[in-house]
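The values are calculated or read from the model by the stated rules, or taken from the named source; none is laboratory data. If you're wondering where the values come from, they're calculated on a predicted model, not measured in any experiment. When we count neighbours, we look across all protein chains shown, and the Cβ atoms used for this are built from the backbone with ideal geometry, even at glycine.
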């Protein structure tokens, strides 16, 4: 499948809803390249699911959490990724609750580097 990160196998690819797009981009999680396939791809959700492409919100959030945890545990959160994640938090807070189970990890994990060590975004001051 052609994804935002090049060609990937079906099982490591997702067709996320629009609310997940910014997180998929920020964390570099493979998502089907809708520009490449066009709008017609939206008519084949059942077929994509049969090919083991992640098509539901639950599966999409799991892929995001796995990638996030991998980056945090390996200390590979680059400055640009952190800035993208902060932008995602702001964007998502405009459309959905950040305390929802799918997003709780984003605000409850200590991943933001501060002068006093790693803190959660809620316990950090940005200036």
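Before moving on, here are some points about what is shown:
- Screening the range 104-127 for residues that are touching a residue at least 12 places away in the same chain (Cβ under 8 Å) and either part of a helix (DSSP H, G or I) or under 12 Å from residue 22 (Cβ atoms) (or both) and picking the one that is nearest to the chain's Cα centre (by Cα) gives 106.
- Selection count, the range 34-73, where residues are more than 15 Å from the chain's Cα centre (by Cα) and outside any helix (DSSP H, G or I): 4
- Annotation: residue 105 fulfils all but one of (1) touching a helix residue (DSSP H, G or I) at 6+ places or on another chain (Cβ under 6 Å); (2) under 28 Å from residue 125 (Cβ atoms); (3) crowded, with 16+ Cβ neighbours inside 10 Å; the unmet one is (3).
- Here residue 82 meets each of (1) under 19 Å from residue 19 (Cβ atoms); (2) within 13 Å of the chain's Cα centre (by Cα); (3) surrounded by 15 or more Cβ atoms within 10 Å (Cβ to Cβ) with one exception, condition (1).
- Residues in the range 1-24 that are modelled with pLDDT of 90 or more, farther than 18 Å from residue 49 by Cα and surrounded by fewer than 18 Cβ atoms within 10 Å (Cβ to Cβ): 5, 6.
- Among the candidates 56, 33, residue that is surrounded by 16 or more Cβ atoms within 10 Å (Cβ to Cβ) and modelled with pLDDT of 85 or more: 33
- Summed over the range 14-28, residues that are more than 11 Å from residue 60 (Cβ to Cβ) and not in a helix (DSSP H, G or I) total 1.
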